[in-house]
Amino acid sequence: MMEIRMSAMWCWMSILLLLLTLSNGVEVNGRQKRPLLVNLGDSNSDTGGVLAGTGLPIGLPNGITFFHRGTGRLGDGRLIIDFFCEHLKLNYLSPYLDSLSPNFTSGVNFAVSGATLLPKFVPFALSVQVRQFIHFKNRSLELLSLGSRDLINEEGFRSALYMIDIGQNDLLLALYASNITYGPVAQKIPSFLEEIRLAVQTVYQYGGRKFWIHNTGPLGCQPKELALHPHKSSDLDRVGCLRVHNRVAKSFNKGLRILSENLRSVFKDAVIVYVDVYSVKYSLSANPEKYGFKNPFAACCGRGAPYFYDRNATCGQPGYSICSNVSQSIVWDGVHYTEAANRVVATRIQSGQYSTPKFKLEKFWN
């Protein structure tokens, strides 16, 4: 009888321990309970890093569609990475730099608007974001060893998906410096790509094995670029985008695709996915009506025909106005996409059809 009682007690204790383990989201059979995302990038995926890091006020009308307040995101609502989080049933990612009630149970976001690849070690270049990741990981493991909870453990960091979306600011700055000519920018692209290689290599050394690398979008289709740079019809492609800008973007993307292939051959136990965001975004500009959009080259928030971008009255500054139907606009402020466009881009990317190798997000944890 005593043996039966002891057996029953141990059974109930085991069940209770399992329930506690599940409820706290820590390891189950040596594995993290659910997907985790670690993001490195610029304004395309910044969920509040620039706001937390610089105190730069980013209030309404940014966030007007979904959050109904300024969150630090440069757009009217959710970003592509926000839709990824929803798809994976995760919380939206907290910025690493946020000191007020951050939630890192779904991962962490190091992206900061305006971030570049070069020069190195300036706020908030990719190299700095990688260093912040190393500190974040080491500190998380230290606190866990001291009894803290609700932090990412070693297995969590190893099973996390490391997302990289950066490079457009470097390309644009190089274009401006070259007086909008292709050659000088093309010469700099290898140095930009080297920073991404070093980032992947370093994260791999610290346990990362899953990588999701976005290429850059069609820079020549941005209303801001069309407004700032006088051009003739011969300077535009068949869709109406600036040729030299998109040529630069495609050259960078070609190098990034080759780099991803090379990294796969070096880190054979890692999964490295190259994501063709350019093709998805270009299709929106080429066929806006197909997705329910109008006038792809006019911003929604700004001032001035025909591109609705004026550097003296940018979105949120005195003199701006907002289009009558945000959901029919692709570009929010001349650069960043609207929530409606981000939803389309995220949905198409999640299909896996624009990934090399073909890979859906959820497959990383199946």
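Were the residues from SER279 through ASP235 laid out at 0.36 nm apart, the gain over their Cα-Cα distance would be 13.8 nm. Residues whose amide H falls under 5 Å from that of GLY107, counting only those 5 or more places apart or on a different chain, are LEU37, with hydrogens built in the peptide plane. Could you please state, rounded to a whole Å, how far the C-alpha centre of the range 60-122 is from the C-alpha centre of the range 167-207? A separation of 23 Å, based on Cα centres.
With r as the distance between the Cβ atoms of SER251 and GLN201 and R0 = 25 Å, compute the FRET efficiency 1/(1 + (r/R0)^6) and round to 0.05.
Working: r = 23 Å, r/R0 = 0.91.
FRET efficiency, GLN201 to SER251: 0.65.
The modelled label-to-label distance for the pair HIS87/ASN312, using points 7 Å beyond Cα in the direction of Cβ, is 4.3 nm. Between HIS68 and SER321, the simple spin-label model (points 7 angstrom out along Cα→Cβ) gives 2.6 nm.
Loop sites by DSSP among the chymotrypsin sites (Phe, Trp or Tyr not before Pro) of the chain, restricted to those with at most 15 other Cβ atoms within 10 angstrom, leave 207-366 as the longest stretch without any of them. Among VAL50, VAL112, VAL130, the residue with the largest mean-square fluctuation in a Gaussian network model of the chain, with springs joining Cα atoms closer than 10 Å, is VAL130. Here are a few candidate values for Rg and Dmax of the Cα atoms in Å: (i) 20.2, 63; (ii) 20.1, 58; (iii) 22.2, 93. Which one was actually calculated from the structure I just gave you? The value computed from this structure is option (iii). Rounded to the nearest angstrom and listed largest first, the equivalent-ellipsoid semi-axes of the range 102-261 from its Cα gyration tensor are 37, 15, 13. Computed on the range 58-191, with alpha-carbon pairs under 8 angstrom and 6+ residues apart, the relative contact order is 13 percent. Distant-in-sequence amide contacts of MET163, defined by a placed amide H-H separation under 5 Å and a gap of 5 or more residues or a different chain, comprise VAL38, ASN39, LEU40, TRP212. Think of the chain as having a plus end and a minus end, set by charges on the Cβ of Lys, Arg, Asp and Glu; of PRO123, SER101, ALA160, ALA160 sits farthest toward the positive end of this dipole. Here the spin labels are modelled as points 7 Å beyond Cα on the Cα-Cβ line, and at ASN153 and THR347 they lie 3.8 nm apart.
About its Cα centre, the dipole of the range 148-239 is roughly 120 debye, where the only charges are +1 on Lys and Arg Cβ and -1 on Asp and Glu Cβ.
Which loop trypsin sites (Lys or Arg not before Pro) in the range 266-366, with loop taken from DSSP, have no more than 16 other Cβ atoms within 10 angstrom of their Cβ? Write down the numbers at each step before the final one.
Working: sites: LYS268, LYS281, LYS290, LYS294, ARG303, ARG311, ARG343, ARG348, LYS358, LYS360, LYS363; in loops: LYS268, LYS294, ARG303, ARG311, LYS358, LYS360.
In loop regions of the range 266-366 (DSSP not H, G, I, E or B), the sparsely surrounded trypsin sites (Lys or Arg not before Pro) are LYS268, LYS294, ARG311, LYS358, LYS360.
Within the same chain, lysines fewer than 8 places from LYS294 are excluded, and of the rest, those with a Cα less than 27 Å from its Cα are LYS224, LYS232, LYS250, LYS281. Relative contact order of the chain, taken over Cα pairs closer than 8 Å and 6 or more residues apart, is 16 percent. Using the Cβ-Cβ distance between ILE258 and ASN287 with R0 set to 30 Å, the FRET efficiency from 1/(1 + (r/R0)^6) comes to roughly 0.60.
Just add up the charged neighbours of ARG311: K/R +1, D/E -1, any other residue whose Cβ is under 15 Å from the Cβ of ARG311.
Spelling it out: positives minus negatives among the neighbours equals -1.
FYI, it's all coordinate maths here, none of it is from the lab. None of these values were measured; they are calculated from a predicted model. Quick reminder, even Gly has a Cβ in these numbers, built from the backbone with ideal geometry, and neighbours come from all protein chains shown.
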